[in-house]
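The values are calculated or read from the model by the stated rules, or taken from the named source; none is laboratory data. In this text, all values refer to a predicted model and were calculated from it rather than measured experimentally. Neighbour counts are summed over all protein chains in view; Cβ atoms, including those assigned to glycine, are modelled from backbone coordinates with ideal geometry. In case anyone asks, the SASA skips ligands and DNA or RNA and just uses the protein heavy atoms, side chains included. Shrake-Rupley method; radii C 1.70, N 1.55, O 1.52, S 1.80 Å.
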Amino acid sequence: MDLPGPIPDFLLVFLGSGLILGGLGVVLLTNPIYSAFSLGLVFVCISLLYIPSNSHFVAAAQLLIYVGAINVLIIFAVMFMNGSEYYKDLNLWTVGDGVTSVVCTSIFASLITTILDTSWYGIIWTTRSNQIIEQDLISNSQQIGIHLSTDFFLPFELISIILLVALIGAIAVARQ
């Protein structure tokens, strides 16, 4: 990634300090839920370090696998084991809940705006005997996306249904 001037240096310092602070948070925080969130910060900073080296697919895979799956699993396990002892004083609405709802609503609105403003007819596909020929594709991540949405669509959806059933089962076990 060719960024002008001191931007790569600033990005490296910013992500490095995020790694150091997140690592210290994992080790030094006494609440295991906060330690798990600090581990999530470390995973996000590591995945963002791949972007300046033009490894966008590796960054996205790192973000999805480690933050989206591993860290969520760790947080779920921590909350399953001893999460109730940290929530003895239950407040119905806090400032953090308001900030979280504003952030989530703004992200949702930006996603809806992006989906509605995107030209979905930009990729030209030519079908020839049930094979998809990718034309004018620049990166491998676009080719992987095409194959996931065409050739491997059924296995991809089956895996997502299996993971959903496992998550619902884990929640049912946690409630008992």
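Observations, loosely collected:
- Test: residue in the stretch 103-122 that is over 26 Å from the mean Cα position of the chain (by Cα), open to solvent by 60 Å² or more (accessible area, probe 1.4 Å) and either at pLDDT 60 or above or over 24 Å from ALA60 (Cα atoms) (or both): yes
- Inter-residue pairs, beta-carbon under 7 Å, first among the aliphatic types (A, V, I, L, M) and in the stretch 2-13, second modelled with pLDDT of 70 or more and open to solvent by less than 100 Å² (accessible area, probe 1.4 Å), 6+ apart: LEU11/PRO52
- Pairs, first without any contact (Cβ under 8 Å) to a residue 60 or more places away in the chain in the stretch 145-162, second not in a helix (DSSP H, G or I), C-beta under 7 Å, six or more apart: ILE146/ILE132; ILE146/GLU134; THR150/ILE132
- Complete set of residues in the stretch 123-150 that are of a type outside the set (Ser, Thr, Tyr), at pLDDT 55 or above and either open to solvent by less than 90 Å² (accessible area, probe 1.4 Å) or touching a Cys at 6+ places or on another chain (Cβ under 9 Å) (or both): GLN142, GLN143, ILE144, GLY145, ILE146, HIS147, LEU148
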